[in-house]
Amino acid sequence: MYNFNHLYYFYVTAKAGGVTAAAGHLRISQPSLSSQIKVLEGSLGLKLFQKTGRTVELTRAGLVIYGYCRQMFELSEDMSEAILKKVPSATRRIHIGISDEIDRTFVVEVISRFLKTQSLTERPKVSVVSGTHMQLVERLKFREIDIMISELAMTDPDLTNLSRVEVPVALVCSIRWKMKSRGKNLSAKRAIGEIVGGDVAQWVLPSARFKLRAEIDRFFEANQLKGRVVFESDVMGSLVRSVVDEIGLAFLPLLYIGRELRERSLRVLGPKSGYWKYRVWLVCSRQNYNDTLIQAFSKSYDEVCAAFTARIEKKYKKNL
């Protein structure tokens, strides 16, 4: 009989694509994990991994053993899910991962709607964690979280895109800034020029590691936009607040400024369709796609996005 822990360590290492990532997930040292795998190789009389340049790959024998391990551990996970589906929602916990780039106000509204679909006595416990897209993907693959909201689509075959929202990105400034005209359907360069006293644009930008920043940089280059960066942040809410407080201009997805449009604290410039589209994805593991709580959360996500779209479109017209 083979050591169950050794097999699991091998399975996680193969799934993670290397000892470093696997050790971090298992919360053990790399030397300890390598030692455990060597013990397994000794007991099997087989070499399971081989170095290819700087990476580690499964040998032919390793691929065969991994196939058996995957069946064994995925069957165990299926059993856990079957048991969970018969457990009352009130005793369950749903772990939600939020990418660093996603606005928290939007997420809170989704979670609030999701919880309100459950009776007070049946509401599950909600746990929220944040991180980079890649950090959350790893946690989702290892079942540390149940679902994630990210600015990037999922390409991993073990994970699936549940839903996607696509919203316009608009040029926004404080409502207190005066305009020469209403700024409707203008190019970005013309819209900037319409701001009284806006000869030198002062820009508020997201962190360089964000997808939105890459999209903004491409738009700047394509439209020959210039100016001075006066504030940069990796917290989306702080960018919105800085625009309201007249620190500078910003390109922001309309999904993230719904409250400010309702309160009429921001002015939206440019075409109704925005200057480009920004996408936000809801992702889960293929194995828990049919989980009732996952489906309920997905429905709440779609409802909030639909309500935001309708509300923003209405307010957008008033703020032009």
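The values are calculated or read from the model by the stated rules, or taken from the named source; none is laboratory data. Quick caveat: nothing in here was measured; it's all calculated off a predicted structure. Here Cβ is always computed from backbone atoms with ideal geometry, including for glycine, and neighbour counts include all displayed protein chains. The area values use the complete protein model at the heavy-atom level, side chains included, leaving out ligands, DNA and RNA. Shrake-Rupley method; radii C 1.70, N 1.55, O 1.52, S 1.80 Å.
Considering only S112, S174, S265, the mean-square fluctuation computed in a Gaussian network model of the chain, springs between alpha carbons under 10 angstrom, is largest for S112.
Which order, highest average first, do 94-107, 297-310 follow once you tally other Cβ atoms within 10 Å for each residue and take the mean per peptide? Don't skip to the end; give the middle numbers.
Values: 94-107: 20.4, 297-310: 17.9.
Listed from highest to lowest mean packing, they are 94-107, 297-310.
Both radii are taken from the alpha-carbon atoms of the chain; with Rh as the Kirkwood radius, Rg/Rh is 1.08. Computed from the alpha carbon positions, the gyration tensor of segment 246-308 leads to an equivalent ellipsoid with semi-axes of 32, 13, 10 Å, biggest first. Across segment 153-162, coupling constants 3J(HN,Hα) worked out from phi with the 6.51/-1.76/1.60 Karplus curve, θ = phi - 60°, read 6, 9, 10, 5, x, 7, 10, 9, 7, 6 Hz, and Gly and Pro carry x. Per atom type, segment 158-255 shows carbon and sulfur on 47% of its accessible surface, probed at 1.4 Å.
Which whole-number percent of Cα pairs in segment 141-267 have a distance greater than 22 Å? Write out the running numbers ahead of the final one.
Working: 3325 of 8001 pairs.
Here the tail beyond 22 Å accounts for 42 percent of pairs.
Could you order peptides 239-248, 6-15, 29-38, 200-209 by the average number of other Cβ atoms within 10 Å of their residues, highest first? Could the numbers behind the result be given before it?
On the way: 239-248: 18.8, 6-15: 20.8, 29-38: 14.6, 200-209: 16.9.
Averaged packing, sorted descending, gives the order 6-15, 239-248, 200-209, 29-38.
Here the Kirkwood formula puts the hydrodynamic radius of segment 1-77 at 12.4 Å, using every distinct Cα pair. Across L120, L171, L212, mean-square fluctuation computed from a Gaussian network of the chain (C-alpha pairs under 10 Å connected) peaks at L120.
So what is the accessible area of the chain per residue, in Å², with the probe set to 1.4 Å? Kindly include the intermediate steps, with their values, before the conclusion.
Numbers: 16460 Å² over 320 residues.
For the chain, the per-residue accessible area is 51 Å².
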